[in-house]
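Report on the structure given below.
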There are 2 protein chains.
Amino acid sequence: MYSLSMPTARGPGQRAGLDRAAVVAAARSVLTDAGYAGLTMRGLARHLGVAPNALYSHVGDKTELVDLVLDDVLGEVTVPDEVSVHRDPLAAVRSIMTASFDVLLEHTDLMPHFLARQGARGDHAVRLGEVTLEALARAGVEAADAEETLRVLIVTTVGFAAFAPAGGPVPPDEIRASYLRALDWLLASAVNDR
Amino acid sequence: MYSLSMPTARGPGQRAGLDRAAVVAAARSVLTDAGYAGLTMRGLARHLGVAPNALYSHVGDKTELVDLVLDDVLGEVTVPDEVSVHRDPLAAVRSIMTASFDVLLEHTDLMPHFLARQGARGDHAVRLGEVTLEALARAGVEAADAEETLRVLIVTTVGFAAFAPAGGPVPPDEIRASYLRALDWLLASAVNDR
DNA sequence: GGATCAATTGGACAGTGTCCAGTATAACTG
DNA sequence: CAGTTATACTGGACACTGTCCAATTGATCC
């Protein structure tokens with residue numbers, strides 16, 4: 001699949017059947033087993049059997065690429081349906097957050113980029129935010145406070161995910177435990193703080 | 001001071017009177033008014049009127065350089081003295097955290113790097129951690145829980161600082177308000193959670 | 001005063017992201 | 001179905017980046 005053979009099988013003008021989704025998927029794959037430092041436009045192009053410039057037909061920028069990967073990752077978070085949000089909104093919030101956390105754990109490399117970009121603005125991220133806001137409202141958090149609470153939850157989730165990479169001094173499961181605890185603390189105060 | 005004139009005033013071997021501290025200070029200055037993207041070894045060397053390689057006599061790496069800048073920044077946090085820690089430990093914790101937050105606010109660019117490095121390990125950072133741990137213990141947090149609480153506080157502080165850059169969608173003072181609130185929530189739960 | 005160590009420079013190496021000008025293919029139009 | 005237009009892709013380059021090596025000079029120590 002890597003087309004290490006046949007270095008130049010295509011002349012200029014000939015299509016490779018590339019696709020924005022394919023580029024994002026490949027980037028994500030490279031990212032998982034080579035880390036952020038290992039994600040380079042040229043390397044990615046090599047993996048796709050394509051000249052480096054070809055990527056710029058589908059992605060404006062490396063930054064945008066990483067943004068897309070990030071939202072792609074976020075798309076794997078299973079959002080609780082209306083009824084469960086209605087029945088136990090606090091559990092729904094907790095579920096969204098922990099699910100996001102676990103998904104982000106697989107791409108801790110992206111968290112610094114996430115923060116540098118001041119949060120994800122992709123479709124999936126937006127949807128997660130909306131559902132969470134709704135659940136918070138149902139849980140009894142005032143509309144004005146809900147947005148702030150959401151911000152706190154996001155910062156905490158992303159922050160902990162950023163701290164969790166395997167090579168670090170603190171083992172990931174310990175980080176996860178700390179995260180869950182912090183989440184409990186925050187939610188407890190958020191609903192009682194009025 | 002920038003020596004834009006006299007491009008090559010020195011031959012090989014001649015000293016420039018450079019210093020590790022001077023390099024760090026210059027890096028910090030560049031960082032404040034050009035951002036992380038504007039901090040390049042070559043540019044920094046130019047500001048110091050020195051060849052790029054000269055920096056490597058005082059700093060092993062760009063990564064190490066940024067680490068040093070970070071700890072230099074943290075050195076500006078005023079640590080509460082023993083007596084105030086003894087008298088009102090919770091206020092001491094809050095003071096350390098908010099002071100750190102405010103200092104980090106001036107270098108939000110560094111926060112992604114901070115997270116990518118999984119925390120600061122410099123002298124100043126260590127000292128802040130020790131004092132905070134002591135204050136937490138005095139506030140009634142068990143030794144085992146104190147470390148976890150400290151971790152939560154750090155992640156929150158750094159995370160919010162990372163989200164605060166001026167260009168962002170949310171104004172900095174609003175971010176700061178959210179941070180203070182989150183801090184209150186966390187501390188309240190941390191001391192009651194036993 | 002002579003030897004040793006550290007700071008500095010010139011020059012280079014291997015990368016990086018991204019742009020410009022062509023070329024061939026696909027899609028659209030009449 | 002023919003002709004035009006938009007788009008995907010390549011070759012090749014540009015302007016960078018961090019960092020290493022060898023040579024040279026200044027400071028330091030005995």
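Please treat every number below as a calculation from the coordinates, not as lab data. In this text, all values refer to a predicted model and were calculated from it rather than measured experimentally. Please note: Cβ atoms are built from the backbone with ideal geometry, for glycine as well, and neighbour counts cover all protein chains shown.
State yes or no: is A:Asp71 more than 27 Å from A:Gln118 (Cβ to Cβ), surrounded by 15 or more Cβ atoms within 10 Å (Cβ to Cβ) and acidic (Asp, Glu)?
When the stated conditions are applied, A:Asp71 does not pass them.
So, in the range A:35-51, of the ones that are under 16 Å from A:Val73 (Cβ atoms) and within 11 Å of DNA strand C (Cβ to nearest atom), which residue ends up nearest to the chain's Cα centre (by Cα)?
A:Tyr36
Are there any helices (runs of 4 or more DSSP H) wholly within the range B:34-115 with 1 or more residues that are out of contact with any Lys or Arg (no Cβ under 8 Å at 6 or more places or on another chain), near DNA strand D (Cβ under 10 Å from one of its atoms) and not charged (D, E, K, R), and if so which?
By residue number, B:41-48, B:62-74.
Results for (1) acidic (Asp, Glu); (2) at positive phi; (3) within 16 Å of the chain's Cα centre (by Cα), shown as yes or no for each residue.
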position: B:Val69; (1), (2), (3): no, no, yes
position: B:Glu82; (1), (2), (3): yes, no, no
position: B:Arg94; (1), (2), (3): no, no, no
position: B:Leu136; (1), (2), (3): no, no, no
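Going through A:Leu68, A:Leu74, A:Leu104 one at a time, which residue ends up being within 13 Å of DNA strand C (Cβ to nearest atom), aliphatic (A, V, I, L, M) and within 25 Å of A:Glu130 (Cβ to Cβ)? Break it down into steps so the answer makes sense when it comes.
Working: A:Leu74 fails: within 13 Å of DNA strand C (Cβ to nearest atom); A:Leu104 fails: within 13 Å of DNA strand C (Cβ to nearest atom).
Being within 13 Å of DNA strand C (Cβ to nearest atom), aliphatic (A, V, I, L, M) and within 25 Å of A:Glu130 (Cβ to Cβ) holds for just one of A:Leu68, A:Leu74, A:Leu104, which is A:Leu68.
Taking the range A:147-169 on its own, how many of its residues are crowded, with 16+ Cβ neighbours inside 10 Å and within 17 Å of A:Leu104 (Cβ to Cβ)?
Of the residues in the range A:147-169, 16 are crowded, with 16+ Cβ neighbours inside 10 Å and within 17 Å of A:Leu104 (Cβ to Cβ).
Here are the criteria: (1) over 25 Å from A:Leu183 (Cβ atoms); (2) more than 14 Å from every other protein chain (Cβ to nearest Cβ); (3) more than 10 Å from DNA strand C (Cβ to nearest atom). Tell me which single one A:Val93 does not satisfy.
Unmet condition: (1).
Can you pull out the residues in the range A:127-167 that are under 18 Å from A:Val85 (Cβ atoms) and in a loop (DSSP other than H, G, I, E, B)?
A:Ala139, A:Gly140, A:Val141, A:Glu142
With respect to B:Val155, is the statement that it is closer than 21 Å to A:Tyr179 by Cβ and within 14 Å of another protein chain (Cβ to nearest Cβ) true?
yes
For the range A:168-180, how many residues meet the condition of being part of a loop (DSSP other than H, G, I, E, B) and facing another protein chain (nearest Cβ under 8 Å)? Before you say what the answer is, go through the steps one by one.
Let us first name the residues in the range A:168-180 that are part of a loop (DSSP other than H, G, I, E, B), namely A:168-171.
Right, trim to facing another protein chain (nearest Cβ under 8 Å) and you get A:168-170.
Looking only at that region, the number is 3.
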